Structures are given as structure tokens and as C-alpha cells.
């Protein structure tokens, strides 16, 4: 049951749609910073933190998750109408998320594999980002998002300024921590050159090639990277699959994966509900 807002502090609401809750947990991971934030704002709705819910309007709404059901398509409109600023957080909210892989198959194909009685489901044909349904004031990328960037977005939103969030590629983070380039050494098909920075280049720092958690960077040259990967021996199927993970429906990654969608790739994705491949 919602109660009317009586607080003079700015109000913050956190909303969940189709997602794993990881980005909401990034806010809880702020720990000491969260305590300071709670003194500066009134957290009006955040089910990961409390069952108390205060009715809007809200000064800032953080939205995690993609839109996958008719009910959620209506609910996001209500949230937008009650929010002065709306920020989409994470790969699901900004690009449709890993569940957006179903967009590459016929409607209902994957549901029939996962659920015993898919006829009881009521879903949209696709998994789509928040921006396809309502106006979004800012998008914070990542799977999950970085808590430092989240705090910057919150402070900027409350102050009425544009958040200072980098849009350059992950390669700069690798260089700043003296990580040897995995593409140069041939140790992995790394998406770092086209992926947005923000994670601190965690995976490359331990010898694991970047797989694009933060989505495409502002100036991502995916065609150039794909050509390099092909020159290193990657097949059309392998290249297409590299761009189809957490941010498969981000425009730059989507376009590049489709550019390598040969007959083999199309057959693989249409049959993936039946055939498991390594």
C-alpha cells in the first residue's frame, strides 16, 4: 500500500522490469555512500531495500530491466508520467538485455523450450529497452552497472546537470592499468576496442577477453574489429555470436552481427532451442 509523500528531500524511486536485479544490487553495494545518499534523498520506492512505497511524483526514477509484457509496457508509461527525471540503468534497460536474444527467433520459440505450458504466458514478441516506450533522460550502461558511475548519475540528476560518464572504449582502461592487449598477443577475440569503458577492464586484466558487458562505445568501429577477427581466423558464425550477448540489440552490435548473418548463422539461431553447441 502506497502512502502519500510528506518529505521535503528529493525523492528517489527504483523500479524493476525483466532483469536479474544485478543493477539494483549495485546501488546496495554502494554501502557507505548509500547511507550518505539516504540522508540527502528520500528513497520512496525500492523493493530490494524496503517494502515501504511512497506514491509519486518522484524527482528521479532509476529503471532496471527490459519491457517484455503488455502490462509492463503500460507500467513504464505510468512511471514516466510520475518522474521528473527517468534514468535507464543496465544492459536490459538500455538494449533489451540477454533476454533480447529471443528477438532473433520466431515469437514463442524459446518459451516453448523453457516453459512446460507456454500457453499461459502473456508476453510481447520482443524484449525492448525502456527508450522504445518512453522518453529517457539518461542511459547508464553495463551488466551490471558500475556503482561509481551510478553515484555520479544520481548526484548529477539531483543537481540538474548532465552526468559526466565516459563514452570511450575499454582499451583506454586497459592501457591505464598496463594490461597487455589480448588482440595483439592473440590470446582472445576481445571486444574491448568497441566496448564502452566503465568496468575497469576487469576481464582483460585477468587474461579474459572482453565480451561487451557495457555495450558499444560512442565511436565503436565494429566493422574494423570484425575484419581483424576474421583475419585472425574467426568464422562468420563466431563473429556474429560475439556481438550477440548482453547487448545484442544495441544498434552498433546488432548491425554488425547481422552483417555476418550467413545461412549458417541463421540456421544456428533458429535451431538453438533444439541443438546445444559448445
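The values are calculated or read from the model by the stated rules, or taken from the named source; none is laboratory data. These numbers come from a predicted model, not from an experiment. For neighbour counting, all protein chains shown are included, and Cβ atoms are generated from backbone atoms with ideal geometry for every residue, glycine included.
For region 26-52, filtering for residues that are out of contact with any helix residue (DSSP H, G or I) (no Cβ under 9 Å at 6 or more places or on another chain), surrounded by fewer than 15 Cβ atoms within 10 Å (Cβ to Cβ) and under 30 Å from residue 122 (Cα atoms) leaves 3. Out of 73, 93, one residue alone is in contact (Cβ under 8 Å) with a residue 12 or more places away in the chain, buried (at least 22 other Cβ atoms within 10 Å of the Cβ) and closer than 20 Å to residue 135 by Cα. It is 93. Against the condition modelled with pLDDT of 95 or more and either in a loop (DSSP other than H, G, I, E, B) or within 17 Å of the chain's Cα centre (by Cα) (or both), how does residue 142 come out, does it pass? Here the answer is yes, as residue 142 does meet what is asked.
Residues in region 147-164 that are surrounded by 19 or more Cβ atoms within 10 Å (Cβ to Cβ) and under 17 Å from the mean Cα position of the chain (by Cα) were compared, and the one that is farthest from residue 84 (Cα to Cα) is 147.
Could you please find all residues in region 145-170 being farther than 17 Å from residue 247 by Cβ and not in a loop (DSSP other than H, G, I, E, B)?
Matches in region 145-170: 147, 148, 150, 151, 152, 153, 154, 155, 156, 157, 158, 159.
For region 180-210, filtered to residues that are in contact with a helix residue (DSSP H, G or I) (Cβ under 7 Å, 6 or more places away or on another chain) and surrounded by fewer than 19 Cβ atoms within 10 Å (Cβ to Cβ), the residue that is modelled with the lowest pLDDT is 188. Picking from residues in region 171-203 that are in contact with a strand residue (DSSP E or B) (Cβ under 7 Å, 6 or more places away or on another chain) and in a helix (DSSP H, G or I), the one that is farthest from residue 214 (Cα to Cα) is 193. Here residue 61 does not qualify as free of Cβ contacts under 8 Å to residues at least 60 places away in the same chain, under 20 Å from residue 163 (Cβ atoms), within 17 Å of the chain's Cα centre (by Cα) and surrounded by fewer than 17 Cβ atoms within 10 Å (Cβ to Cβ).
Could you list all residues from region 6-32 that are at pLDDT 85 or above and over 23 Å from the mean Cα position of the chain (by Cα)?
9, 10, 11
Can you find even one residue in region 119-130 that is in contact (Cβ under 8 Å) with a residue 60 or more places away in the chain, farther than 21 Å from residue 30 by Cβ and in a helix (DSSP H, G or I)? Scanning region 119-130 turns up at least one residue that is in contact (Cβ under 8 Å) with a residue 60 or more places away in the chain, farther than 21 Å from residue 30 by Cβ and in a helix (DSSP H, G or I).
In region 134-143, the count of residues that are over 26 Å from residue 257 (Cα atoms), loosely packed, with under 15 Cβ neighbours inside 10 Å and not assigned by TED's automatic domain parsing to the domain that holds residue 97 is zero.
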